[in-house]
Every structure is written in C-alpha cells, then in structure tokens.
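Shown next, in structure tokens, is the structure this report addresses.
The values are calculated or read from the model by the stated rules, or taken from the named source; none is laboratory data. Everything quoted here is computed from the prediction, not taken from an experiment. Positions of Cβ are generated from backbone atoms using ideal geometry, with glycine treated the same way; all protein chains shown enter the neighbour counts.
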Amino acid sequence: MKPRRPVLYSYAVAVLTVSVATALKLLLAPAIDNESPFLIYFAAVMLTAWRGGLLPGLLATLLAAAISDYLFLTPTYTLLGHDTGQDLRLLLFVAEGTLISVLSVALCSDRRSESHTPLILRCGVAVMSVAAVFGLKLLLDPLITAESPFLLFFSIVIFSVWYGGLVPGLLAVLVSAVLCDYFFLSPTHSLLSKDFGQNLRLGIFVCEGTLITVLGWEARKSAMRERDVLFSLSPNMVGKINHDGYFEHVNPAFARLLGFTEKELMAQPLGEFVHADDRSKYTAEISKLRDGMPVSNFEIRLLGPDSSNRWFSWSVARVEEGDSLYAVAQDLTVQKESEEYLRASERRYRNLVESVPAIVYEANAQPPYSPIYVSPNIESLGYQLADWYNATDLWLNLIHPDDRERVAQATEEAKRLQHETDYEYRVITSNGAERWIHDRGRFVFDADSHPVRWQGVLVDITEQKLAEEKLSNAVSLLKTTLDSTDDGILVVDTRGKVTLFNDKFAKMWRIPADVIEKREDELLIKVVLDQLKEPEEFLRRIEELYANLQKVSLDILEFKDGRVYERYGQPQTLDGQTVGHVWNFRDVTERERAEAALRHSERHYRSLIENSSDVITVLDADGLILYQSPSIRHWRGFEPSELISRQVRDFVHADDLPAIEEGLACKLSQPGVPIKFECRMRHKDGSWRHVEGTSVNLLTDPAIGGIIINTRDTTERKQMEAALRESEERLRQALRMEAAGQLAGGIAHDFNNILTVINGYSELLLHRPVIDERAREKVSQIHKAGVRAAALTRQLLAFSRKQMLQPKLLDINALVSDLHTLLQRLIGEHIRVSLALDASAGLIKADPGQIEQVIINLAINARDAMPEGGALTIETGNVVFDEASADDEEAVPPGEYVTLVVSDTGVGMTAEVKGLAFEPFFTTKEHGKGTGLGLSTVYGIVTQSGGNIRVESEQDVGTTLRIYLPRVDEPFVPTATPPPPHAAPRGAETILLVEDEQEVRVMAREILEASGYRVIVAGHGEEALEVSEKHRGTIHLLVTDIVMPRMGGRLLAERLLAARPGLKVLYISGYTDDMIVRRDVQDADIAYLPKPFTPGDLKTKVRDVMDAK
C-alpha cells in the first residue's frame, strides 16, 4: 500500500506543480503565451490529481486559471476583465481541468478492470472522441480557437487513456495535434510551415499530451497491480467467469482448495467441476445473474481431482461492463461436516440414553419437580410417558408414603448445599406393586447460583435388595467357613460396604480390637491406608473394581514395612445375581523377594541386549525367529514384533541364500561353536542392507534354547568402499583427460602460429591477379587444407579447455532458434528437428560461437546415430539444484542453471561406450568418418564455460545429453547486428607489432604495410620497450602476442600505456595457459584476435580498434 501522507502535503504538491509550470511558461514567453495561455498547465493538473487526489487537482486547476488570467491572457494583470471569448476560454479551461482531475482519480482507482474490447474499437472510440471535440471547437470558433488552439483536446486524451489504454491515448494526442496544426494554428491548412513559436507550441502540446497519456496509463496499471495483489492474497477462492462459463482468472486459493492447477481450472467450464446433484441449482443461479440480478448467494459442492467433493458458499456478482461474473467462494466443508457430526451425535446420544436400562430424567428445580424430559424406560413402573407430562406431581405421589418426607427433605437439603442427590426409596407402581429405586442426580444452577433444572438417573434395585436379604442369611455360615482358612477374607456389598471378614484378615492387616468392635468403614479404611506404600493408588483401584463388581482381579499390595500381599477378588453371586465382592489376601512376602531378585537379573541382561547397537536375533532349529532386539528398528526398519515367528530365510537375498543355508546346517552340527558370515538382508522399504555377523548354536542350553545371531550393518562401509573405488577411477580418467589436454593444447598452440603463416600467405597469393589458374588452384587447395587444420586446432583447444573464450550474455532460446534452419539442412530431411523452448529460460554467460559449436556437434552425432531417420529434440529450461542433491557423486553443484537438452531416437550406447563417450579420439564410427573429438570438444566447451554435462542412453531407444550452464541475473542487451562487409579497411597510423614467431611477424607486417600503415616491429617485450623509447613520433596501436619469452604481452601493454596514455592495444594469441591473462581478456573490454587469423581478419580488427572510442 502507498504510505499515507499529511493532508497538506497533497495541496503543497499542487501549488508547487503549478508554480513549476508557471516558471516554465515564463521562460518560454512570449513564444507560446499569447496564443496558448493554458499550455503546460494540463500536465500539472493531471500530475497533481494522480499523486494527491481530486481536491488537490481542483486546487491546481483554479490556481492555473487564476495565474493564466492574471499573466497570460491579453490584457494581462486583470481578473475577469476580458472580452466574452477570453472569459469563455477561462471557464472552459476550469471545466477541462476539473474533468482531467476526475478522470485521473478514476484511473487511480481499481474499480475498472482491464478492457477486453478489441484494440481497433478502442482506437476508434479515441478518434471519434477527438472528432467530437473538433466539432465543438469549430462551433466555438473564433471565440476560443484563435488564442487557445489546444483547449478541450487534453480532456479527450485522458478520456481515451481511461477508456482504451496507452495506444488509444497516444493516438488521440497525434490526431489532436494534426487537427490543431491544420485548422487552428495560424495560418491554417498547412503542416509545420509556421514560425518557430507555433511549431514550439505544437511540440509542447504533443509532449504534454504524451506525458498525460503515460502518467494516466501508469496510474491505471498501478491500480490494477494493487487489485491483482489483493486478488492473489485473498484466503477465499476468487475468480472471474466469462460468458461461456470458463474462468478468465483464478487466485491461488482457488487452485489450493480444489487441488487443480490454474491451467486445469481454466480448461473447462466451472459447471464441469460442480457436483452432479448441484448442477441444476448452479445453472439456475447463473441464469438469474445473466438476466439482470446484481448478486447471487448460494451453496454448492465442487469436485476435486480424486472425485472427492467440498462444500462452498458462493457470492457471484456481475461485472460493471460485459457479461463476465466475479465469484468469491468460501470453503464450508468443515462447517458442513461439523453440522452433520452434531446431528449424528445428537441421534447417537438420544439412542444411547433411551437404550440405558435405567430411567433418565430432567425436571424443574422447584417442587413438585414437574418433568421436562423422561426416558421411555419410565414405563417399566406401569405409567405411560404422557402420564408423567400431564401430572406434574406424579413423582412425589409415586414414592412410598413412609419414604416420601425423607426423600423430599433430602432433595431440598442437597439443593440448598449444591450437593448431589443420592438416596434409595420405595415406589408404588400402577398395579400396586412395591419396588426399590436408587435415585442419583444433581441440580443445575445459573450464573447467579439459582437452581434451574434437576437431572438424574433412577435405577430399579428391587432384585438387588432381595439378594442382599438372602446374603445376610448366609453370612453366619460363611463366617465359620472363612475362619478356617490361612488367607484373609473380606466380603463387601455392591456399594463397597464391609459385610464380613475373618479373623485372619484382621491379624494380617493388624486391625485393633476396638476398630473391629465398632465395625465402622471409615476407621477400617484409615487403618488399612496407614500401612500401605501407595494409599492413593489403593483407593483408585478399589473404586475401579467396585464400579465393575463382576470383574475377577488379581494384584499385589506393598506395605511400608516391606510386607507384600497378593489380593484376589471375585464377584459374590446369589441366585445368579451379583450381590457383593469377595477379597482374598495372601502373604507372599518371601515369594516376591525371590521373584524380584530374578526379575532384576533378567532386566540387567535384557538391557545389555536391547541397548546394543548390534542386532541380536534368536532362531529355532528351523530358522524361525524367536526373539529380535530393538536395534532392528534403526538398521532395517522393522518393529521387533513384526519379525517374531517369521522365517529368517525370507529376509536373505536370493544370491546369498545358499551360503546361509549351508551355514545354518553347519551350526546345527556344531553346537557352541561361533561361525562368522556375510550376506544381504532386506530392509522394510525393500532395499538390501549388507551385514556381517557371528552365530552360535545354543539349542541345547535350557536358558536359551535357540541359535543366537549377532549381526552388524556394513552397508555404509560397503558404499564408502565402492565410492572410493569410483572416485579413484574418476581421478584416473581426469588425469588422462588432463594429460591429453595438455598435449593437445600445446600442439594446437604451435599449429596456430604455423597455420597463421600458411593461411595468411595462401590468402595473399589468392588475391594477387598475376597468378596463373593452375597455381591458383593449388594455392586454393593449400588454403582449404589450412582452414580445415584451423578448425581441427580449435577443436583441440576446446577439448583441452585452453582456448580463449569471449563470453557474452546469451538468450539460449534465441540462439537455438537461429540455428534451427541450419540444423535441419545439416542433418537432412530424413530426421525431424523439434524445438521445446521454455519461454522463462534464463540468461547465460558464454561464448556464442562455442555454444553453437556444442549444439552442432551434438546434432551431427545424433544424425550419425539415426541413419534410417528419426527425431532430434532440443529443449531449454531452468533448474535449481539444492544442497541435498550435492551428496550424489554425479550431482551438479548447488545453484541455478539453464538447461540445454538434446535428445535423439537413435541406436543409443552401451554402458561401456557411454563410459568412454568423452574420451578424446574415441569413436565408434568407421575409419575416416570421425575424429573422436566431437563429444570431447563439447565436454571441454561446457566445462570451460562453468557448466556440467550428463549423458543418458539406452540401446535401440536413443540418447539424451543434458547440459547445465550457470544462470546469470544481469540485464540483457541484444547484440547489435554486424555491419555488412565492405572494402578492406586501410589507414596511415603507426603500429608497433610485437611477435616472437618471425614468420608470423613478417607476414603481419607485410599485411599492415600493404594497408597503408607504418609498422614498427619487435621480437619480444623488452625489444618493444626499447623501440618505443627510441621512436619520437606517435604510436597509435600496439599489436602484441600474449605469451612471449622475457616479457608477456599483458605486462608490455601496461608498461607502454604508462609511457603513452593514448596508446590502443590489440592482443593476438594461439592460446595461453596464463590464467590471469585469460581472465583479463575474457572479463574486460579488451581487443583480442585469436590465431590463426587471415589477412582480412587482421586488417578489419586493427581498423576496428583504431576507430573505437
């Protein structure tokens, strides 16, 4: 968002802008003021309204009107004291300034979307608008046109920008200028034949109109950019739908929520994504909008890529112009699922309540406690549900008369104290029967602690009461039996109340006699808890067991004094009904001590195994896994439980299984003897891990009873050993390449000097008119052979990575496109050449000639691999390699790259050939059909350019070479087209030629002197310094080899430039190993001519350097 500025700031800008315009007009007076008093002010008004808003724009208009009225209208220094025409022009200026302010503010708003009207129609509107103003000015002529020829045209210019855009705005400026020039500037009906002042005013009008157009267009684009930012940042789905129902735009949220890409969403009408059950509703709502409804809100489902559907709330509105619709959708899927979940939950809990055998109720909190809700089980008391809702006091009347007052008092007391209600009472059913009820509930209070509802559960405990009665009859018999056992026995009822215990229980728990006599549960519990180590856990366990009296339990109780009791519990039943629980306590102190010692020993040795980094496995005689240590998770991904009872052979690699089978047989025949082994074991993810281990047969040991196997993972070690071997092989290959490169580079350097002389003299001979035809043909053959040798030399230099590159910013797409026609001719019509160029491919910095050489070499190789025809595809793109990928030995170093991929459908390569593909002089072609330097040259050029190359090939399928060149983020300036060839350049300047090869020096001198230059020569750097010092005249150019004995060309140039600051320098060289000079020549703007060069190359380069500024 734009930063908010103080209000006065905008008005200050208005005053300042008008002041600057006034100053400019005063500077130009009287050239423009007499007949164009308002010129320049329109741009000031436009700029003020754009940057400050409507009111500052109006202020600028009024200020400009006042200043024009006071200074530039004739007579000056008056206010509204002119004739009618002048006053009318002043009023029209104010009106036009106001209109410009309004349109400027409209351009700054984001209400108007980008017009989809064809450009020709928008330009037509601009021309018609200018024509309308032209007609109006003709009607007003001569009141305003004589002294204000451009009035009213500026508003049409900004209107054209507002309606049509930049091009219609510029068209309106030009048409207005032509009409003014032809009809309203005096003399009329002529074009640019007036005096200077009139031409100046016309030029200022065009400039001012153009400035207004550009400013208006920028304001509109800025507003559209802000709208697009809001559009893309919206968390809701936002899109624009055209007349056919297709999306014109969708924001990222649309694609994210639906799971489709933006391209997929815009490829089909929106209706295709709508759920089949909702399509009729969607069609109806869209039809309403098409029929004139401004906004429609509805809910429909959309389908995702996996046919899943999501609910969306839609708000769709018509666009101000055209048939397009704006749609905003909010994801309602979670809300819909929540609503459905709540409905299902409500049904589930209602069913649950109504299926409970108890009676669930909710009643009013005040007597007579009329029911709000009663579950259907209330009918078990003989009354219908309607009876409970119709008779508000039915519950109180239902209670047995002997229990009614007690229950009512207990209820009110619980309500007053805000306690739960919990009591038992008898009720009289509709048939007069008497039943026992356990009633437990609680009151619900509002924020002011006033009771509002009473909720609870009624449970029929009639059968329980009958069972308790039968239980008491058997207690005496049971007590006699219990006293005869050595275990402590305790019997409780269903509520946990003590009903019986034997003397042994009292002795074991050391319960005092007075507590036994009182038989109070609270005192008994206190005595028990005081002796236990964990009394809270004891109570928790008791509550848990009392809640499920049918459960059989066995646990251990530990005492503070070291005693340990075993507690066994089981339900007490009577006539098939649970009436209580029987607890049996046995003193197991000594047994527990012995078992604890055994457990400690077992934990100690288990800890040693389970914390070992090695994998410990125990097998039976058949190879089934009996035990697996936890370390298997780390090394092979399995949980130990997943492997128990599995056959160990199932996890051994098939190639290693015979050796393992033999080893298992050996183990069985040699108990107690350690046996070492190595094999591959399967990981849970399907991969294979190398392991080494030792196994011992302890099947006869009763403590073990199995074969113990101790294994250690050696995968990383094996991989490191393999990687080391591979690295050593790469190093050996790199050393071979480097040695071959050194040899090739040295040979190429010497050849370049020789070829410079051969090619130079042969070309000079060919240009002599006196040579006879037979000799000319022979010299021509010598020259052709020299050219081929020079090409081979360049390949040697490229392969050895020692040629001098002249890198430039390149558009790889443009370079490939330019080569397309050449490649098609080069490889023949039987092969189809296809380009797949990524428009977003970045720029690279490389020598364009060398990159072309790379593409041509690869195309020729592809042609030779497809003798019967096929397809050659060249692709470009961008790729980023991160740090994670750098761990791979074959990975490209991390960074951003531009990719060049050349693929063919040829015969492909074997793995052996692929490994030798970049070896110099290696070829699979017939003798005489290949030098073996094609891919070596490609490798050298790519490597020297800072790139990487990878080969993918499969026999009878084809070959793909992927080249990764570093991406460069620098501004791209297209290379200028070289001028057409012209006659050999000549000159008369003085040149100092320094070359250590005499033949090259003599030839170069002859060429330069033949072109009119005065040439001074030297054989090395020190001699050149002496020659320069002795020469008193001007030396215009130094032509020097880079690498020479005694003193190199770079140092020589620095010395001479210090003595002769205006001296220009041209470097020549076959190649150089001097990396400092190489970097200087490549990175700086230094003139360089590579050997071998022709006489024409030398003369042209010398002249170019001489003429360079």
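Figures for the structure shown
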{"read-out": "Verdict on residue 818 being in contact with a helix residue (DSSP H, G or I) (Cβ under 9 Å, 6 or more places away or on another chain) and free of Cβ contacts under 8 Å to residues at least 24 places away in the same chain", "value": "yes"}
{"read-out": "Filter result (among the charged types (D, E, K, R) and in contact with a strand residue (DSSP E or B) (Cβ under 8 Å, 6 or more places away or on another chain)) within segment 416-435", "value": "420, 422, 424, 426, 434, 435"}
{"read-out": "Residue in segment 400-408 that is modelled with pLDDT of 85 or more, more than 18 Å from residue 371 (Cβ to Cβ) and of a type in the set (A, V, I, L, M, F, W, C) present", "value": "no"}
{"read-out": "Count of segment 835-853 residues which are closer than 12 Å to residue 899 by Cα and part of a loop (DSSP other than H, G, I, E, B)", "value": "5"}
{"read-out": "Helices (runs of 4 or more DSSP H) lying entirely in segment 447-545 (those with 1 or more residues that are at pLDDT below 85, among the hydroxyl-bearing types (Ser, Thr, Tyr) and surrounded by fewer than 17 Cβ atoms within 10 Å (Cβ to Cβ))", "value": "462-482"}
{"read-out": "Cross-chain or 6+ apart pairs with Cβ under 7 Å, segment 560-584 first and without any contact (Cβ under 8 Å) to a residue 24 or more places away in the chain, then part of a loop (DSSP other than H, G, I, E, B) and surrounded by fewer than 19 Cβ atoms within 10 Å (Cβ to Cβ)", "value": "566/588; 570/552; 571/550"}
{"read-out": "Test: residue 413 is at pLDDT 85 or above and surrounded by fewer than 14 Cβ atoms within 10 Å (Cβ to Cβ)", "value": "yes"}
{"read-out": "Of the criteria (1) part of a strand (DSSP E or B); (2) surrounded by 16 or more Cβ atoms within 10 Å (Cβ to Cβ); (3) modelled with pLDDT under 85, which one residue 573 fails", "value": "(2)"}
{"read-out": "Residue within segment 597-620 that is modelled with pLDDT of 85 or more, outside the structural domain of residue 559 (by TED's automatic domain parsing) and not β-branched (Val, Ile, Thr) present", "value": "yes"}
{"read-out": "Hits in segment 998-1051 - residues which are more than 60 Å from the chain's Cα centre (by Cα) and part of a loop (DSSP other than H, G, I, E, B)", "value": "1011, 1012, 1013, 1019, 1031, 1032, 1033, 1034, 1035"}
{"read-out": "Neighbours by Cβ (under 6 Å, 6+ apart or cross-chain): first from segment 535-555, within 19 Å of residue 586 (Cβ to Cβ); second of a type in the set (Lys, Arg) and surrounded by 10 or more Cβ atoms within 10 Å (Cβ to Cβ)", "value": "555/567"}
{"read-out": "Verdict on residue 989 being at pLDDT below 90 and of a type in the set (D, E, K, R)", "value": "no"}
{"read-out": "Total residues in segment 279-302, condition within 21 Å of residue 339 (Cβ to Cβ) and buried (at least 18 other Cβ atoms within 10 Å of the Cβ)", "value": "3"}
{"read-out": "Complete set of residues in segment 253-301 that are within 21 Å of the chain's Cα centre (by Cα), over 20 Å from residue 317 (Cα atoms) and assigned to a helix (DSSP H, G or I)", "value": "255, 256, 257, 258, 262, 263, 264"}
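To keep it simple, each residue is scored yes or no on (1) under 47 Å from the mean Cα position of the chain (by Cα); (2) outside any loop (DSSP other than H, G, I, E, B); (3) modelled with pLDDT of 75 or more; (4) not acidic (Asp, Glu).
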residue	(1), (2), (3), (4)
69	no, yes, no, no
102	yes, yes, no, yes
113	yes, no, no, yes
120	yes, yes, yes, yes
150	no, no, no, yes
